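Beneath this line is the structure, given in structure tokens, with notes to follow.
The values are calculated or read from the model by the stated rules, or taken from the named source; none is laboratory data. All values reported here derive from a predicted model rather than from experimental measurement. The accessibility values were calculated without ligands, DNA or RNA, using every heavy atom of the protein model including side chains. Shrake-Rupley method; radii C 1.70, N 1.55, O 1.52, S 1.80 Å.
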Amino acid sequence: KKTDVKRTIHSGNRVMIQKPSQRSGNELKINWVDFNSKETLVNCSLLNQKSTQIGIDKNIYLICRTNSKKYKLRHSLSMPILPETKGVSLGSTLTFTLIFEGIPSATESIDLIVPELSSWNVYDIKLK
């Protein structure tokens with residue numbers, strides 16, 4: 001499905017992409033990506049269909065589709081990093097932000113990979 005991608009450049013060469021085009025399963029969606037060479041923020045929404053306790057795998061990473069380089073998770077806002085979890089209701093939608101290492105400003109597309117839970121993987125997140 002086609003989305004209205006909005007690209008905004010902030011001061012300090014930060015770039016924000018709202019509603020990026022992406023290929024994902026039914027569970028995890030990317031709302032926006034805000035990045036520069038120091039850090040990459042990825043805001044996500046998760047439709048919880050499987051568990052009443054939830055957390056994010058510390059081994060989650062971004063991969064740049066241009067150079068295949070991996071960018072590691074640094075921090076998570078509003079979603080605990082496993083083994084810590086938080087209680088959630090089945091059928092609820094959670095919104096959280098993942099903070100990764102910075103990606104190059106010329107990056108055109110990334111993948112979000114969750115090694116232990118492929119249904120959360122999001123591919124071909126368009127940044128340009």
Taking all pairs of distinct alpha-carbon atoms in the range 56-128, Kirkwood radius in angstrom: 13.3
Per residue accessible area of the range 7-128, 1.4 Å probe, in Å²: 52
Cubic angstrom per residue, convex hull over Cα atoms of the range 89-128: 113
The chain, accessible surface, carbon-and-sulfur percent (1.4 angstrom probe): 48
